[in-house]
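Okay, structure first, notes after.
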Amino acid sequence: MPARERYPHLPKSVEYAHIGWDFFILAAVVINLSLLLFDSLFLIEPINQAIASITPGFHDAYDTVIHSRFITIDLFFVGIFIADVLLSWAVAIAERRYHRWFFYPFVHWYDVLGCIPLGGFRLLRVLRVVSLLNRLHRLRLIDVTKWSSYRFFAKYYDILLEELSDRIALRLLGNVQQQVVASDSLTERVIDRVLMPRKAQLIHEISQRLEATVGQAYQQNRIAIMAAIDDLVSRTLKESPEIQKLHRLPMGQTASNAMQASLSGVAQRLVDELAQGIHSTEFRQLIERTAESGFDSWLAVDETSAHVTEQVLYDILEMLKDQVRQQRWKGRYE
């Protein structure tokens with residue numbers, strides 16, 4: 001099943017309809033909050049008397065038309081807000097905006113709480129501005145990234161998140177270091193749970209690397225190896241008493257040189273054959289059998305090896321902590 005897009009591509013007319021509805025709801029929020037504020041001030045006796053003395057006509061009209069029916073008017077706005085939540089939820093389901101149909105009230109929690117007829121909760125609906133700005137930005141009608149206020153908050157938000165994540169990471173790595181030091185069987189558990197289940201893969205990797213390393217080294221140093229073989233054969237023959245006796249015979253020097261060339265050629269061909277045999281299946285199987293027979297002995301644990309393993313892990317974690325301590329945001333913002 002293909003993943004749903006967080007913001008599905010909608011026709012421009014639908015996007016503009018969303019924008020228009022958002023503006024309507026924001027206007028209703030502003031009017032509702034203004035009425036709440038003014039009616040609260042209207043209940044204060046000194047302010048009430050001041051309004052009555054300054055504009056008695058407005059005072060009487062407001063008292064008769066609005067203040068006496070304020071609960072009904074407020075419930076009308078609450079009805080608009082509830083209808084907004086239900087309608088927007090239905091539209092989100094139709095547009096397949098979220099992965100599940102019931103995600104909408106959790107994502108738009110501020111709209112849901114804004115339906116509660118209390119002034120503090122009504123203020124949450126002002127957060128609708130963020131959703132509106134986001135939609136306008138996606139439609140490229142505005143570019144909030146160029147706003148100095150956005151860059152200011154984005155900068156310190158990024159710094160805050162990085163510092164918090166670094167502190168959490170340092171605490172976690174420190175706890176892991178304590179576990180490494182306190183554990184008496186860490187090395188055994190690493191061998192049993194990490195290395196042994198991958199024994200076949202490790203042996204295969206060792207044989208492949210050995211084959212590649214030896215083959216590459218031979219190809220790079222073949223001329224020097226052949227020269228060394230020729231020099232070794234020549235020196236061995238010169239130091240041999242039998243060859244020295246052969247030199248005293250007629251044509252002995254010629255026979256000695258021919259023997260040297262023949263032996264050098266045989267030795268060089270033998271080394272070449274061995275080098276070619278490195279890439280054979282038989283040699284690979286030999287290496288794998290050798291590695292497998294020595295694998296368990298390589299992993300034998302004693303007090304020294306356990307201490308070395310723990311120290312290596314501890315130092316790796318300490319290196320990671322040093323890396324985390326680097327305040328990378330300074331390089332981005334300075």
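Read-outs: derived from the displayed coordinates by stated rules, not from any lab. Because the structure is a prediction, the values reported are computed rather than measured. Virtual Cβ from ideal backbone geometry, glycine too; neighbours counted across all protein chains shown.
Quick notes on this structure:
- Pairwise label distance in nanometres, Ile116 with Gln201, each label 7 Å out on the Cα-Cβ vector: 5.2
- Point-to-point label distance, Asp63-Ile225, nm (Cα→Cβ direction, 7 Å offset): 11.0
- Across all Cα pairs in segment 12-142, the calculated P(r) in 10 Å bins from zero up to the longest distance comes to 11, 36, 27, 15, 9, 2 percent per bin.
- The ellipsoid that matches the Cα gyration tensor of segment 37-100 has semi-axes, each √(5λ) in whole angstrom, of 41, 11, 8, with the longest given first.
- Phe102/Asp302 FRET efficiency (R0 56 Å; Cβ-Cβ; nearest 0.05): 0.45
- Contact order relative to length of the chain, as percent, for alpha carbon pairs under 8 angstrom and 6 or more apart: 19
- Cα Rg over Rh - the chain, Kirkwood: 1.37
- Subtracting the Cα-Cα distance of Tyr157 and Ser262 from their residue separation scaled by 0.36 nm leaves 29.9 nm.
- Listed from fewest to most Cβ neighbours within 10 Å, the set Trp298, Trp21 follows the order Trp298, Trp21.
- From the C-alpha gyration tensor of segment 7-54, square roots of 5λ in Å: 41, 9, 4
- FRET E, pair Leu87, Phe295, Förster distance 51 Å, beta-carbon r, rounded to 0.05: 0.15
- Mean residue ellipticity (222 nm) of the chain, computed from DSSP H runs ≥ 4 via -39,500 (n - 2.57), nearest 500: -25000 deg cm²/dmol
- Considered as an equivalent ellipsoid built on the Cα gyration tensor, segment 113-200 has semi-axes of 49, 19, 16 Å, the largest given first.
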